[in-house]
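Input: a single structure, listed below in structure tokens.
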Amino acid sequence: MKKTDVVERAKEVLDIEAKAVRRLKERLGKEFAGAVDLLAKCKGRIVVSGMGKTGIIAQKFSATLSSTGSPSLFLHLAEAAHGDLGKVTSDDVVVILSNSGESAEVRQLLLVLKKIGTRIVAVTGNVSSSLAKYSDAVLDVSVEKEACPFGLAPTASTTACLAMTDAIAICLLERKDFKERDFALFHPGGSLGRRLLLTVDDIMRTGAANPVVRQTMKVSEVLLTITRCRAGAASVVDAKGRLVGIFTDGDLRRHLDSDPALPGRRIAAVMTRGPLTVKKGMLAAEALRVLEQKKIDEVPVLDEKGRPVGMLDVQDLLKAGVV
């Protein structure tokens, strides 16, 4: 096959699969709405079952459901008959993905599920199959032909199945009013989780890394404190420990050339009064937006009494992946 032939054949494959997905829209109606309603009202878990290539789609569907607020597990059709059916209860809803709907494994599973008393949703390419007959809701994912030239390898049929289950998952997500923050809760290791779950408390510099100085101290003493803490600024507090100002390397540069006596002056005379601050417990993503908008690198973190309990540095936010 020539390179040009390969490209043309690839275009044909994509056209066949795209057509299979487009045809699904024509079949959406009360049956689809009923299936979503059944899943939304499920008191247990949504058990998704399939085998072979369709089983892989079933695993993906189950994973999508679990990560979007609908507890789910995958049940392999062949393993179901060898003890795994013990995972299924009458409170569950079982979604079975099968192109033919007539395999021995499907028929065997149907009989047991009916005895258990679970509800069944069929996602099948054969609406006249045994699977369709015994299901409470039937979603038609039949295709005119596979992209495989022999009509054997599941291609268009699995694409249609994937698209239909994605449609179910997204409709179910919105039906349950699942929010971005809920998604982050189930994805704490991802960038979204870091952006929505981390607070400044998780990232701010505290203890020895957070220089806090009294307003009566000399500039030279403050500089030594900042150096020991390996920081770029110090929070300046009054006698009650409340923040009254901040002294940064920018303040140092502004005063150094014009004031030879700077090291011996009180920090209160050269600090920046009423600096920008953020509150303890604030989302890290919100704090990052504040820093970016004001074009500053460090900001004191205050508790409810106005005392500096940490210093937030933009570099620490970036390292934490809060972008």
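Can you find even one residue in segment 1-12 that is under 28 Å from the mean Cα position of the chain (by Cα) and surrounded by fewer than 17 Cβ atoms within 10 Å (Cβ to Cβ)?
Restricting attention to segment 1-12, the residues satisfying the condition of being under 28 Å from the mean Cα position of the chain (by Cα) are none.
Within segment 1-12 (the criterion being under 28 Å from the mean Cα position of the chain (by Cα) and surrounded by fewer than 17 Cβ atoms within 10 Å (Cβ to Cβ)), the answer is no, since none of the residues qualifies.
Does Ala132 satisfy being in a helix (DSSP H, G or I) and under 18 Å from Val48 (Cβ atoms)?
On the way: in a helix (DSSP H, G or I): yes; under 18 Å from Val48 (Cβ atoms): yes.
So Ala132 fits the description; yes.
Being surrounded by fewer than 19 Cβ atoms within 10 Å (Cβ to Cβ) and not acidic (Asp, Glu) is the requirement here; does Ser258 meet it?
Details: surrounded by fewer than 19 Cβ atoms within 10 Å (Cβ to Cβ): yes; not acidic (Asp, Glu): yes.
Here the answer is yes, as Ser258 does meet what is asked.
Test Ile246 against the criterion of being farther than 19 Å from Arg205 by Cα and at pLDDT 95 or above, and give yes or no.
For Ile246, the condition - farther than 19 Å from Arg205 by Cα and at pLDDT 95 or above - is not met.
The rows are residues; the columns are (1) in a strand (DSSP E or B); (2) closer than 28 Å to Thr199 by Cα; (3) of a type in the set (Lys, Arg).
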| residue | (1), (2), (3) |
| --- | --- |
| Ala231 | no, yes, no |
| Gly241 | no, yes, no |
| His255 | no, no, no |
| Ala268 | no, no, no |
| Ala287 | no, yes, no |
| Gly310 | yes, yes, no |
| Asp316 | no, yes, no |
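Being surrounded by fewer than 16 Cβ atoms within 10 Å (Cβ to Cβ) and part of a loop (DSSP other than H, G, I, E, B) is the filter here, so list the residues in segment 291-305 that pass it. Steps first, please.
Start the filter on segment 291-305 by keeping residues that are surrounded by fewer than 16 Cβ atoms within 10 Å (Cβ to Cβ), which leaves 292-295, 297, 303-305.
Answer for segment 291-305, where residues must be surrounded by fewer than 16 Cβ atoms within 10 Å (Cβ to Cβ) and part of a loop (DSSP other than H, G, I, E, B): Lys295, Asp297, Asp303, Glu304, Lys305.
Exactly one condition in (1) out of contact with any strand residue (DSSP E or B) (no Cβ under 8 Å at 6 or more places or on another chain); (2) under 26 Å from Val200 (Cβ atoms); (3) not aromatic (Phe, Trp, Tyr) is not met by Ser258; state its number.
Exception for Ser258: condition (2).
Would it be correct to say that Ser103 is of a type in the set (S, T, N, Q) and either under 20 Å from Asp177 (Cα atoms) or modelled with pLDDT of 95 or more (or both)? Step through it out loud before you land on a result.
Details: of a type in the set (S, T, N, Q): yes; either under 20 Å from Asp177 (Cα atoms) or modelled with pLDDT of 95 or more (or both): no.
In short, no.
The values are calculated or read from the model by the stated rules, or taken from the named source; none is laboratory data. Since the model is a prediction, treat every value here as computed from it, not as a measurement. Cβ sites come from the backbone with ideal geometry, for glycine too, and all protein chains shown count toward neighbours.
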